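Read the structure below first, then the notes.
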Amino acid sequence: MKATGLYFLIGIALSALFQRYVPAEAMVALFGGNEALGVLMAATIGVPLYACGGGTIPLLQQWLWDGMSVGSAASFMLTGPSTKITNLGAVKIVLGVERFALYLLFVMVFSLMTGLVVNLVL
């Protein structure tokens, strides 16, 4: 509870803010349907907006209720943990700038493909 409790509360607070101030139509326009753009947007937003898995769940739950596709949610969940600051720092230090850029590209492409497959299956 000590390790994830704060992040879970932040996720609940973000979920409440999105529910109150972001119209459902905006969520459907950005992340809805089985469109590749929605999945790409979710993957892109997942990179800088890292929250732990527990903190992301309430936020994604609200987004799914508002019309986010399941593939977009999967894509968002893949990019977050892969691009947290400690992982990125270690990759850059150990592998160098070129491989760091390849790592980011791989994470984005893999999460995009996974989100598209999830949308096709579900």
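The values are calculated or read from the model by the stated rules, or taken from the named source; none is laboratory data. What you see is a predicted model, and the numbers here were worked out from it, not measured in a lab. To get the accessible areas, we keep the full protein, side chains included, count just its heavy atoms, and leave off ligands, DNA and RNA. Shrake-Rupley method; radii C 1.70, N 1.55, O 1.52, S 1.80 Å.
Expected output is a single nm value to one decimal: the length gained when fully extending between residue 113 and residue 65, i.e. 0.36 nm times separation in residues minus the C-alpha distance. What is it?
So the chain would gain 15.0 nm between residue 113 and residue 65.
Sort 93, 10, 45 by heavy-atom solvent-accessible area, probe 1.4 angstrom, most to least.
93, 10, 45
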Quiz prompt | the range 55-122, accessible area per residue, ligands and nucleic acids excluded (1.4 Å, Å²) | solution = 56
Quiz item: When only the heavy atoms of the protein chains count and the probe is 1.4 Å, how do 110, 100 rank by accessible area, highest first?
Solution: 110, 100
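At a 1.4 Å probe radius, which order do 113, 77, 108, 27 fall into by accessible area, largest first?
Final ranking, largest accessible area leading: 113, 77, 108, 27.
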